[in-house]
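What follows is a single structure, written as structure tokens, with notes after it.
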Amino acid sequence: MTAFGRLPRLSASVAAAALCFAAATTVASAQDAQPGEGVTINMAQPTWDTGYFYTQIYKQMLEELGYEVAGPSALDNPIFYQSVAQGDMDLWVDGWFPLHNTYEETFSQGAEKVGTVAAGGALEGYLIDKATADEHGIDNLEDFKDPEIAALFDRDGDGKADLVACPPGWGCEVGIEHHLDAYGLRDTVNPVKAGYNASMADAVAAYEAGEPIFFYTWTPNWTVNVLKPGEDVVWIEVPEIDLPESTKGLEDAATMAGVEGCVNDPCQLGFPANDLVPVANSEFLEANPAARALLEAASVPLDDVFAQNAKMYEGENSEADVARHAAEWIEENRAQVDEWLTAARDAAS
């Protein structure tokens, strides 16, 4: 009787253990779920390399969800936005808005913005070396209307200031070209539109040789790690906010407070601050709720991008280097990344 009397209790214990095991298995299965298994993502990245780091972070997170990620393929803005609308490309995480508003008509019929890599911290503007700014009292783009000021920055002997600008097809080219007309600078400023990194490397060398330099840049970018605003260079202001059609109505966002190294505070940069935003094909997002959820949840601090861009400038700039930097960032932020991945897996269940 005693032995038989214990049987119900043993059965209950076994049942409880089985339930616990089943629950643990369910949790493990949820954590290991691969909603992207069997799906290949065609991913793009821009032709400028300052975004390659966070592109790799997103790529590796998508791969943790089981997706096979082809690329990323480096594309100019117009080609990417047309390709993503048509479904030839699935996504990139390098939309600059409002700078890329000019492409919305191209992509909006088949693609959409989703999530935010970094909000409001992507700045654009013009800088010169601090020594020349201090010596000649230069604090505004309008100062370059003076032929004597412009001649200080003449690198090719034509009497015009040589401005390191943006290559054709980049979104920033539109703003710079608009400013040259709006502020009457065509006669005194020559925009250099060769490869940006090569032109900036030349400007850094000129600075190190004690020569004046004049350049456009954006953040995040290695330029502001190598040439420190407030120490080596200064942001100069524009005479008034005058935006191209693609960013009309955003005038208030073109003046920013607390810009380190600007000649004034608040700083009238002349370009609206940008959000870094993923853009993805709408049909792809509908078919892949896990990918959508990840894009909506994830983000990368700009300070981390600045630090990685500095490593690239110092020579760690191969594809393998960037992939390693991204993998290290993911592991350093594993708890947060796992939350994003869990949200993505939940969206697919």
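Could you give the size of the charge dipole of the chain about its Cα centre, using +1 on the Cβ of each K and R and -1 on the Cβ of each D and E, expressed in debye and rounded to the nearest 20?
On the way: 17 positive and 59 negative charges, 421 e Å.
Once rounded to the nearest 20, the dipole reads 2020 debye.
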With the label point 7 Å along the Cα-to-beta-carbon line of residue 74 and a cut-off under 16 Å to each amide N, the hits in region 316-330 are 316-323
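Quick check on the chain: of the DSSP beta bridges with both residues there, what percent are antiparallel, nearest 5%?
Beta bridges within the chain, antiparallel portion: roughly 60 percent.
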Please report, in cubic angstrom per residue, the volume enclosed by the convex hull of the alpha-carbon atoms of region 152-268. 114
Suppose the Debye formula is applied to equal point scatterers at every Cα of region 272-318; what is log10 I(q)/I(0) at q = 0.13, 0.16, 0.22, 0.34 Å⁻¹? -0.50, -0.67, -0.84, -1.17
What residues have an amide H closer than 5 Å to that of residue 111, excluding those fewer than 5 places away on the same chain, when H is modeled at 1.01 Å from N in the peptide plane? 282
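With the contact rule set at Cα under 8 Å and sequence spacing of 6 or more, what percent relative contact order holds for the chain? Mind dumping the intermediate values first?
Details: 614 pairs, mean separation 86.8, N = 349.
That works out to 25 percent.
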Carbon + sulfur, % of accessible area of region 188-250 - ligands and nucleic acids excluded, 1.4 Å: 48
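Take 345, 292, 324 and sort them by solvent-accessible surface of the protein heavy atoms, 1.4 Å probe, largest at the top. Present the calculation step by step, with values, prior to reporting the outcome.
Values: 345 35, 292 65, 324 95 Å².
Reading off the accessible areas and sorting them downward yields 324, 292, 345.
Of 59/130; 113/160; 160/228, which sit over 32 Å apart, Cα to Cα?
Values: 59/130 39 Å; 113/160 40 Å; 160/228 25 Å.
Over 32 Å Cα-Cα: 59/130; 113/160.
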Inter-label distance, nm, simple model (7 Å from Cα along the C-beta direction), residue 131/residue 187: 3.1
Measure nothing fancy, just the Cα-based angle from helix 77-86's long axis to the longest principal axis of the chain, in degrees from 0 to 90, nearest 10. 30
Helix 171-182: inclination vs the chain longest Cα principal axis, degrees, rounded to 10, gives 30
Find the centroid of the Cα atoms in region 54-100 and in region 199-218, then give the distance between the two in whole Å. 31
Enter the angle in degrees (range 0 to 90, nearest 10) between the Cα long axis of helix 52-64 and the first principal axis of the Cα atoms of the chain, meaning the one along which they spread out most. 10
Residue among 133, 320, 119 with the largest mean-square fluctuation in a Gaussian network model of the chain, springs linking Cα atoms under 10 Å: 320
To check my understanding: the extent here is largest minus smallest coordinate of the Cα atoms along each principal axis. What are those three numbers for the chain, in Å, largest first? 110, 41, 36
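The values are calculated or read from the model by the stated rules, or taken from the named source; none is laboratory data. It should be emphasised that the depicted structure is a prediction, and the values quoted were computed from it without experimental measurement. As a convention, Cβ positions derive from the backbone with ideal geometry for all residues, glycine included, and neighbour counts pool all protein chains shown. Accessible surface is based on the protein model in full, side chains and every heavy atom, while ligands, DNA and RNA are left aside. Shrake-Rupley method; radii C 1.70, N 1.55, O 1.52, S 1.80 Å.
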